[in-house]
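Undergrad: Sharing a structure, written as structure tokens. Questions coming.
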2 protein chains.
Amino acid sequence: MNFFNNTYKLRFVPLGGVVGVTKNMYLYELYKGETLQDIVIVDCGMGFPDAKEFGIDLIIPDISYLADKTDKIRAILLTHGHEDHIGALPFHYQKLGSPPMYASKLTKMFVSNKFKEFGAKINLTEIEYRKWYAFGDIQARFIHLTHSIPDTTHILIKSPVGTLYHGSDFKFDLTPPYTTPPDFYEITRAGEEGIMCLLSDSLGCEREGLTLSESIVGQTFEDEMRKTRGKFFMTTFSSNISRIRQCVDAAIKFNRKVVFMGRSMRQNSEAAKNLQYLPIPRSLQAKEHDVAKLPPNKLCLIVAGSQGQFDSALSKIARKQNKYVKITAGDKVIFSSDPIPGNEQEVYALIENLSLQGADVVYSDIQEQLHASGHGNQEDMKFLARFTNPKYFIPIGGTIRHQRQYQRLMTDMGYKEQTILTLMEGDTVVFEKGTARRGGAVETKNVYVDAYGIGDIGNVVLRDRQTLSSDGMVVCVLVIDTYGQLTTTPRFFSRGFVFEKKEDQLFDEGARLIEKRLKGAQGRVTDVNGMKKSVGTDLEDFFYKQRGRKPLILVDIIEI
Amino acid sequence: MNFFNNTYKLRFVPLGGVVGVTKNMYLYELYKGETLQDIVIVDCGMGFPDAKEFGIDLIIPDISYLADKTDKIRAILLTHGHEDHIGALPFHYQKLGSPPMYASKLTKMFVSNKFKEFGAKINLTEIEYRKWYAFGDIQARFIHLTHSIPDTTHILIKSPVGTLYHGSDFKFDLTPPYTTPPDFYEITRAGEEGIMCLLSDSLGCEREGLTLSESIVGQTFEDEMRKTRGKFFMTTFSSNISRIRQCVDAAIKFNRKVVFMGRSMRQNSEAAKNLQYLPIPRSLQAKEHDVAKLPPNKLCLIVAGSQGQFDSALSKIARKQNKYVKITAGDKVIFSSDPIPGNEQEVYALIENLSLQGADVVYSDIQEQLHASGHGNQEDMKFLARFTNPKYFIPIGGTIRHQRQYQRLMTDMGYKEQTILTLMEGDTVVFEKGTARRGGAVETKNVYVDAYGIGDIGNVVLRDRQTLSSDGMVVCVLVIDTYGQLTTTPRFFSRGFVFEKKEDQLFDEGARLIEKRLKGAQGRVTDVNGMKKSVGTDLEDFFYKQRGRKPLILVDIIEI
């Protein structure tokens, strides 16, 4: 292959993962002349809604751009098993034409389980390291890295235009528990052979120094368990298998039975157990319903819900809604995770609740070595840059502010600012003749998933939910006869608007307002829709004047 | 070459550098069967005397072990240009049979200058990186590293028995000023091909994290210079060319003329200038005798003496003994170095003196970013271990306590304790059939150099100097006639023993004691040496009883 083959162009298209931290999905498109030849997709993850995205369970990447190009998709390569990298697969896999997927061992297991739920057939290969895979004229090679989940990889994307280093979520952990350190030789060898562009995890770029090794947490678990005379609870992300295993190892040491609680925690630990990634002697395995029967100091409960999610196992325990597991004095709860920005309130409320029940709650504000981030700090990123020594940089996996900070970090190292390309979702970069330039943007939107389906929620729905959440709603029903005349006084129902006691008077006045409006129309409703609108506007104005609020107003006119 | 060639043995012999930090000299001896075949020497540095080694200017390695083996010495490889790695060459080079020497560019220049002083002829090659050099059946390859002096290297020592990684003084500086970062690819490639033993710099193993980059100091120089309205003084080790260059660059920015003071500082800066390692516009170069004529705020003086050495340029300025350079109010003195353990008193005394003269003194206790160690901290060492992934470890360049701490650091990473070999000077390690074992010890002693010569100072001299330094001396002279009879009262001289005023009485009593002793011998001295001894013992006892001190007592009997 000729490195500067003039007839080829490689285009990098992020469908997610460059503005928010999650929803990672990236396209590498190889063009011959102007003709699209091969597409390789890296990751297909879900996004987590902001607090202002009401009632949304999750967000998935918008793949409408790919609709007419599925015949060019050669493969989906998966970097690791976190939800924000694999979580959207069940929604999109078939629409993408069910292309072959490649993943490391644990990632493969997680993906398989995910599809089992959906009952779909998949084409999924467990990768070998240090091996080139060919996908048309694109080649890919997986590099063993370390992160907060085992079997994390970086991916080299080699094309006739040059080689790109896809350096998604990682840290350089020199003492990773239960696995080998990153394959530094492969990383530097890639740099030695020449990297056109480094795509680098940028999430940790505000933190100085190197990230702590995951293994520091194991010692903390032991120390805390030694001091605990009641039940020992630990909560973390359910995908953090190394963290969970370190807790299990401490439990084994102190002869405590291990109970997994919460659906994601049970599923992931089961997958990891099947791969021998989480060995637990049978005698130390127990179930939720055994808890009440066992001595508290013989129990280690590993529980989902570290982000304070309302429906999580831990929140339910804190609210005394679990019939087997109660908090009693002497119990300890370890939060081995930091609140994701935006979740602080929920997490602290959960901590309050658990403390109220008598638990001794330990979290990162009061004990530093409870959690090691899975993402590299500044020095990790600087090492990756020096190892690969690329011509261009694209920060990924961070927000806009992380991208800017990454740019600063690299320019401080002496790289030129214009070589560090910060992108918005859908912004593309074209590599051609040894240089990079910004290509046109690909249109994307957020695809929302809630309990009822995918993608049928537009901005209007979200705005309504926002209104409901702040100002409540009022329903007004008018019943009219065939002559268009009111048969009863207008009926009002409301939720989340004003206190019940104050309602009656307010709605009486509202009713009078409607009657007044009808009088103006000779006491008859002729144009039902026009009347709905007018009544809605009248009520909106009236409520706003009276209460300073704009509840969602639904007017219905029933003809009998 | 067969990696496990049974007929070969490689022996590692440290002639220095394993107990103290300095005096680095290491032998790699290749044996075929029991026959010594090839010796490669790495470094030949000087040691710096302890405070208890009185009057000693420096220490050099003891090469007497090599006396009958010079025909096997194939080469001397030099890792970098610091005195403790090259300083003993002029003393030993010829005795070692003038073997070929190999060094990087700046190191070569430093070594050449050193020999110019001594007027000797040398065989010295500037190395190329990424190239194997053959020395009999040993091959060597230099790897570009970073440290506090440019052109620092690590050396791969490849033999039929396996490859050793000689990792002397280094840190992983990702943003080294004026040079490229370490050659990570070469380091990891070495690890990939298999390292039998890593010899690792261990000096920084008590410090957590990564070592700061040298480049942080440049910003500090600028910030401090901006705030200085008088003369700007900077002192550091005179071999720290990158540090000096950063200070010069700040001076250029603020249009201050640069003056180098102190012999070593002038010599090293001259050598660096010749290699374009220290570019200074002619208009900004000035000499010591110009200082009084120039406005203080147009001066930057880079001065030797950062360790508070009594005879150094900086100490003389502080004692007002420099006729051109005086401290005045508004001057600033930057100590861009930490006191070497043992030198604290001298350094703080110098700081006091400079402050007394009105200088604003800035040193590492009050400003953190004034100095970046040249030696890696714990994380640097851990990275080197992971990159090279050796079977055995030998910590070098540290004291015994650093060796132990290095051992702890590596065992914490999961390496087995017995694979980390801590050595005393002369202790050897034999590599054979893929394993390492301790070999017999090679006898070494300290070879002291003072103003009068090399190696003629034994332990007796040092003990005397110690006595003199603590208890002073007393000379007692007896003058006798040909009959052996005293012609005058015994005469006493003393230095550093007791106050003059108290002496007279003490010595009068001493004289009476001697007369008493003579009476016992019928008032005559027959056995001069016997009498010297007796009088010496008498006086020693007497002075000890009277004063609790044991001065060095010299008795002389003069016959007239």
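The values are calculated or read from the model by the stated rules, or taken from the named source; none is laboratory data. Quick caveat: nothing in here was measured; it's all calculated off a predicted structure. Every residue, glycine among them, receives a Cβ derived from its backbone with ideal geometry; neighbour counts consider all protein chains shown. Note: accessible area is taken over every heavy atom of the protein model, side chains too, but ligands, DNA and RNA are not part of it. Shrake-Rupley method; radii C 1.70, N 1.55, O 1.52, S 1.80 Å.
Undergrad: Kindly indicate whether residue B:535 is among the β-branched types (Val, Ile, Thr), at pLDDT 80 or above and surrounded by 13 or more Cβ atoms within 10 Å (Cβ to Cβ). Write out each step before concluding.
TA: Working: among the β-branched types (Val, Ile, Thr): yes; at pLDDT 80 or above: yes; surrounded by 13 or more Cβ atoms within 10 Å (Cβ to Cβ): yes.
Judged against the criteria, residue B:535 is a match.
Undergrad: Next question. Is one or more of the residues making up region A:217-240 within 14 Å of chain B (Cβ to nearest Cβ) and within 24 Å of residue B:409 (Cα to Cα)? Let's see the steps before the verdict.
TA: Taking region A:217-240 first, the residues within 14 Å of chain B (Cβ to nearest Cβ) are A:218-219.
The next check asks that each one be within 24 Å of residue B:409 (Cα to Cα); those that pass are A:218-219.
Yes - at least one qualifying residue is present in region A:217-240.
Undergrad: Condition test on residue A:212, is it at pLDDT 95 or above and of a type in the set (A, V, I, L, M)?
TA: Working: at pLDDT 95 or above: no; of a type in the set (A, V, I, L, M): yes.
Considered against the rule, which asks whether it is at pLDDT 95 or above and of a type in the set (A, V, I, L, M), residue A:212 comes out as no.
Undergrad: Next up: The conditions are (1) farther than 30 Å from residue A:306 by Cα; (2) within 14 Å of another protein chain (Cβ to nearest Cβ); (3) part of a loop (DSSP other than H, G, I, E, B), and residue A:376 fails exactly one of them. Which is it?
TA: Here residue A:376 meets the rest and fails (1).
Undergrad: For region A:184-212, what are the residues that are in a loop (DSSP other than H, G, I, E, B) and at the interface with chain B (Cβ under 9 Å from one of its Cβ atoms)? Write out each step before concluding.
TA: Filtering region A:184-212 down to residues in a loop (DSSP other than H, G, I, E, B) leaves A:194-196, A:202-212.
Across region A:184-212, the qualifying residues are A:209, A:210.
Undergrad: Check A:364, A:337, A:355 and return the single one that is more than 14 Å from chain B (Cβ to nearest Cβ), small (Gly, Ala, Ser), under 30 Å from residue A:219 (Cα atoms) and outside any loop (DSSP other than H, G, I, E, B). Let's see the steps before the verdict.
TA: Values: A:364 fails: outside any loop (DSSP other than H, G, I, E, B); A:337 fails: outside any loop (DSSP other than H, G, I, E, B).
On inspection, the qualifying residue turns out to be A:355.
Undergrad: Which condition number does residue B:413 fail, the rest of (1) away from every other protein chain (no Cβ under 14 Å); (2) farther than 20 Å from residue B:152 by Cβ; (3) not charged (D, E, K, R) being met?
TA: Residue B:413 satisfies every listed condition except (1).
Undergrad: Separate question: Have a look at A:198, A:212 and point out the one that is open to solvent by 20 Å² or more (accessible area, probe 1.4 Å) and either under 30 Å from the mean Cα position of the chain (by Cα) or not aliphatic (A, V, I, L, M) (or both).
TA: Working: A:198 fails: open to solvent by 20 Å² or more (accessible area, probe 1.4 Å).
Result of the check over A:198, A:212: A:212.
Undergrad: Go through (1) in contact with a helix residue (DSSP H, G or I) (Cβ under 9 Å, 6 or more places away or on another chain); (2) at pLDDT 80 or above; (3) crowded, with 24+ Cβ neighbours inside 10 Å for residue A:40 and report which single condition fails.
TA: Against the list (1) in contact with a helix residue (DSSP H, G or I) (Cβ under 9 Å, 6 or more places away or on another chain); (2) at pLDDT 80 or above; (3) crowded, with 24+ Cβ neighbours inside 10 Å, residue A:40 comes up short only on (1).
Undergrad: Would you mind stating whether residue A:145 is in the same structural domain as residue A:396 (by TED's automatic domain parsing), assigned to a strand (DSSP E or B) and farther than 29 Å from residue A:32 by Cβ? Full working, then the answer.
TA: Numbers: in the same structural domain as residue A:396 (by TED's automatic domain parsing): yes; assigned to a strand (DSSP E or B): yes; farther than 29 Å from residue A:32 by Cβ: yes.
Yes; evaluated as a whole, the condition is true for this residue.
Undergrad: Continuing with the same structure: Is one or more of the residues making up region A:392-405 in a helix (DSSP H, G or I) and touching a Ser or Thr at 6+ places or on another chain (Cβ under 6 Å)?
TA: Filtering region A:392-405 down to residues in a helix (DSSP H, G or I) leaves A:400-405.
In the following step, the residues that additionally are touching a Ser or Thr at 6+ places or on another chain (Cβ under 6 Å) were identified as A:402-403.
Checked region A:392-405: at least one residue is in a helix (DSSP H, G or I) and touching a Ser or Thr at 6+ places or on another chain (Cβ under 6 Å).
Undergrad: Which one of the conditions (1) modelled with pLDDT of 95 or more; (2) outside any loop (DSSP other than H, G, I, E, B); (3) under 27 Å from residue B:412 (Cα atoms) does residue A:255 fail to meet, given that it meets all the rest?
TA: (2)
Undergrad: Here's a follow-up. Taking residue B:204 and the conditions (1) in contact with a Gly (Cβ under 6 Å, 6 or more places away or on another chain); (2) closer than 18 Å to residue B:81 by Cα, which numbered condition does it fall short on, given that it satisfies the others?
TA: (2)
Undergrad: State the number of residues belonging to region A:285-311 that are open to solvent by less than 20 Å² (accessible area, probe 1.4 Å) and not in a loop (DSSP other than H, G, I, E, B).
TA: Total meeting the criteria: 6.
Undergrad: Another question about this same structure. List the residue pairs whose Cβ atoms are under 7 Å apart, where the first residue sits in region B:467-485 and is in a strand (DSSP E or B) and open to solvent by 20 Å² or more (accessible area, probe 1.4 Å), the second is modelled with pLDDT under 80 and of a type in the set (Phe, Trp, Tyr), and the two are 6 or more positions apart or on different chains.
TA: B:473/B:497; B:475/B:493
Undergrad: Follow-up question, since we're still on this one. On the given criteria, is residue A:332 in contact with a strand residue (DSSP E or B) (Cβ under 9 Å, 6 or more places away or on another chain), away from chain B (no Cβ under 14 Å), at pLDDT 95 or above and surrounded by fewer than 17 Cβ atoms within 10 Å (Cβ to Cβ)?
TA: Numbers: in contact with a strand residue (DSSP E or B) (Cβ under 9 Å, 6 or more places away or on another chain): yes; away from chain B (no Cβ under 14 Å): yes; at pLDDT 95 or above: yes; surrounded by fewer than 17 Cβ atoms within 10 Å (Cβ to Cβ): no.
Judged against the criteria, residue A:332 is not a match.
Undergrad: Before we move on, is residue B:203 within 18 Å of residue B:176 (Cα to Cα) and of a type in the set (A, V, I, L, M)?
TA: Values: within 18 Å of residue B:176 (Cα to Cα): no; of a type in the set (A, V, I, L, M): yes.
Spelling it out, it is not the case that residue B:203 is within 18 Å of residue B:176 (Cα to Cα) and of a type in the set (A, V, I, L, M).
Undergrad: For region A:107-125, what are the residues that are in contact with a strand residue (DSSP E or B) (Cβ under 7 Å, 6 or more places away or on another chain) and open to solvent by 10 Å² or more (accessible area, probe 1.4 Å)? Quick ask: steps written out before the conclusion?
TA: First, the residues of region A:107-125 that are in contact with a strand residue (DSSP E or B) (Cβ under 7 Å, 6 or more places away or on another chain): A:108, A:111-112, A:122-125.
Result: A:108, A:112, A:122, A:123, A:124, A:125.
Undergrad: Where residues in region B:386-403 are crowded, with 23+ Cβ neighbours inside 10 Å and farther than 21 Å from residue B:25 by Cα, which of them is farthest from the other protein chains (Cβ to nearest Cβ)?
TA: Among residues in region B:386-403 that are crowded, with 23+ Cβ neighbours inside 10 Å and farther than 21 Å from residue B:25 by Cα, the one farthest from the other protein chains (Cβ to nearest Cβ) is B:390.
Undergrad: Condition test on residue A:275, is it more than 18 Å from residue A:339 (Cα to Cα), of a type in the set (A, V, I, L, M) and buried (at least 23 other Cβ atoms within 10 Å of the Cβ)?
TA: On the way: more than 18 Å from residue A:339 (Cα to Cα): yes; of a type in the set (A, V, I, L, M): yes; buried (at least 23 other Cβ atoms within 10 Å of the Cβ): no.
Judged against the criteria, residue A:275 is not a match.
Undergrad: Out of the residues in region B:94-106 that are free of Cβ contacts under 8 Å to residues at least 60 places away in the same chain and touching a strand residue (DSSP E or B) at 6+ places or on another chain (Cβ under 8 Å), which is farthest from residue B:145 (Cα to Cα)? Don't jump to the end; show me each part of the working.
TA: Initial filter on region B:94-106 (free of Cβ contacts under 8 Å to residues at least 60 places away in the same chain): B:94-104.
Add one more test, that the residue is touching a strand residue (DSSP E or B) at 6+ places or on another chain (Cβ under 8 Å), and what stays is B:96-97, B:99-104.
Working: B:96: 28, B:97: 30, B:99: 25, B:100: 23, B:101: 19, B:102: 16, B:103: 13, B:104: 11 Å.
Out of the qualifying residues, it is B:97.
Undergrad: Pairs under 7 Å by beta carbon, first residue at positive phi in region A:262-282, partner in a helix (DSSP H, G or I), six or more apart or different chains?
TA: Matching pairs, first to second residue: A:262/A:313.
Undergrad: Looking at (1) open to solvent by less than 60 Å² (accessible area, probe 1.4 Å); (2) more than 29 Å from the chain's Cα centre (by Cα), which is the only condition residue A:282 fails?
TA: The number of the failed condition is (1).
Undergrad: Of the conditions (1) at pLDDT 95 or above; (2) open to solvent by less than 40 Å² (accessible area, probe 1.4 Å); (3) under 30 Å from residue A:405 (Cα atoms), residue A:192 clears all except one; give me its number.
TA: (2)
Undergrad: Right, here's the next one. Which of the residues belonging to region B:487-522 are over 16 Å from residue B:477 (Cα atoms) and touching a residue at least 24 places away in the same chain (Cβ under 8 Å)?
TA: Across region B:487-522, the qualifying residues are B:496, B:497, B:498.
Undergrad: Name the single residue that is nearest to residue B:442 (Cα to Cα) among those in region B:406-426 being assigned to a loop (DSSP other than H, G, I, E, B) and open to solvent by 40 Å² or more (accessible area, probe 1.4 Å). Give the derivation first.
TA: Residues of region B:406-426 assigned to a loop (DSSP other than H, G, I, E, B): B:413-416, B:421-426.
So of that shortlist, the ones also open to solvent by 40 Å² or more (accessible area, probe 1.4 Å) come out as B:414, B:416, B:424-425.
Working: B:414: 32, B:416: 27, B:424: 10, B:425: 8 Å.
Here the answer is B:425.
Residues checked against (1) in contact (Cβ under 8 Å) with a residue 24 or more places away in the chain; (2) of a type in the set (Val, Ile, Thr); (3) more than 29 Å from residue A:204 (Cβ to Cβ):
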| site | (1), (2), (3) |
| --- | --- |
| A:289 | yes, no, yes |
| A:297 | yes, no, yes |
| A:301 | yes, no, yes |
| A:305 | yes, no, no |
| A:310 | yes, no, no |
| A:316 | no, no, yes |
| A:320 | yes, no, yes |
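Undergrad: Here is a follow-up. Contact list please: Cβ distance under 7 Å, first residue in region A:334-346 and closer than 15 Å to residue A:368 by Cβ, second residue modelled with pLDDT of 80 or more and of a type in the set (D, E, K, R), pairs at least six apart or on different chains.
TA: A:334/A:224; A:336/A:243
Undergrad: Quick check on this structure: which one of A:181, A:177 is within 14 Å of chain B (Cβ to nearest Cβ), without any contact (Cβ under 8 Å) to a residue 40 or more places away in the chain and closer than 28 Å to residue B:190 by Cβ?
TA: Going through A:181, A:177 in turn, the sole match is A:181.
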